[in-house]
1. Of everything in the stretch 132-178 that's under 22 Å from ASP21 (Cα atoms) and in contact with a Gly (Cβ under 8 Å, 6 or more places away or on another chain), which residue is surrounded by the fewest Cβ atoms within 10 Å (Cβ to Cβ)?
2. Evaluate the stretch 141-153: report whether one residue or more is touching a helix residue (DSSP H, G or I) at 6+ places or on another chain (Cβ under 8 Å), of a type in the set (A, V, I, L, M), without any contact (Cβ under 8 Å) to a residue 24 or more places away in the chain and assigned by TED's automatic domain parsing to the domain that holds CYS61.
3. What's the number of the only condition in (1) crowded, with 19+ Cβ neighbours inside 10 Å; (2) within 23 Å of the chain's Cα centre (by Cα) that ALA208 fails to meet?
4. With the structure loaded, tell me whether LEU114 is surrounded by 14 or more Cβ atoms within 10 Å (Cβ to Cβ) and either touching a His at 6+ places or on another chain (Cβ under 8 Å) or over 22 Å from VAL28 (Cα atoms) (or both) or whether it fails that test.
5. Out of the residues in the stretch 214-229 that are touching a residue at least 12 places away in the same chain (Cβ under 8 Å) and of a type in the set (Lys, Arg), state the one that is surrounded by the most Cβ atoms within 10 Å (Cβ to Cβ).
6. Just for the stretch 32-64: of the residues that are among the polar types (S, T, N, Q) and assigned to a loop (DSSP other than H, G, I, E, B), which one is nearest to ASP97 (Cα to Cα)?
7. Check off (1) without any contact (Cβ under 8 Å) to a residue 40 or more places away in the chain; (2) outside any helix (DSSP H, G or I); (3) not polar (S, T, N, Q) for TYR70 and give me the number that stays unchecked.
8. Does ASP142 qualify as being within 23 Å of ASP62 (Cβ to Cβ) and either more than 19 Å from the chain's Cα centre (by Cα) or among the aliphatic types (A, V, I, L, M) (or both)?
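The values are calculated or read from the model by the stated rules, or taken from the named source; none is laboratory data. Keep in mind it's a predicted model, so treat the numbers as computed, not measured. Methodologically, a virtual Cβ is constructed for each residue, glycine included, from the backbone with ideal geometry; neighbour enumeration extends over all protein chains shown.
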Amino acid sequence: MSQLALPLQLADHAVFASFLDTGNEALVATLRRIASGGEGHGCWLWGASSTGKTHLLQAVCDAAGDRAAYMPLSMFAGAGAEILDGLASRELICIDDVDLVAGQPVWEAALFNLSNQVFDAGAQLIVSAGSAPRECALELADLKSRFAKLPVFQIHAIDEDERVCALQLRSKHRGLDLLDDTARYLLKRSRRDMASLYAVLDKLDGEALRAKRRLTIPFVRAVLEGKPD
């Protein structure tokens, strides 16, 4: 896993192999191409909470290695816009949750300067947000114009059956065997957004490793009730 210049390490599960791309095949193919050094300015990807924006941006950085830098504004917005200084030295910059600083003049000016440096250098920029560019509350016209050059992709939410597949894919990536009935039991007993489901799966992974148990319904029930044996 690539260690970034910032004191931040990518999540070990956030790779392309653990992301179910059903309904998002074109987006994932584009991101894989960008990560491998393909041509283009980058892209803007957007979607509702817990649809996988952060996962995909980190997967791009994992695949690109030291060529890339990941900047999650949910973590660093409070540090000030100067934290963007030096990012343009990378060939690929991924800015997560850009809408969190929309409407803030200092941040928008810094993002405009960064985008100028990136495009002038022939590098690439991937931006994520909760909405499409035209609906994002950016106020700096020049920045909106810059971002308008990026191809736009919406991350589509997955349905019930696809949630089961996504959980099984993540489990397989962790070396766990999650059967259909256990996965569906987990869906019925947990919050249904993927971020919450993955958090529960992480907990189950740790408990299964400690207890040397398989992910059966009785074991999952015991963990969810706080009574693992």
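1. Step by step, filter the stretch 132-178, then rank; the result is PRO151.
2. yes
3. Just one mismatch for ALA208, condition (2).
4. Yes: the conditions hold for LEU114.
5. ARG221
6. Step by step, filter the stretch 32-64, then rank; the result is SER49.
7. Going through the list (1) without any contact (Cβ under 8 Å) to a residue 40 or more places away in the chain; (2) outside any helix (DSSP H, G or I); (3) not polar (S, T, N, Q), TYR70 breaks only (1).
8. In short, no.
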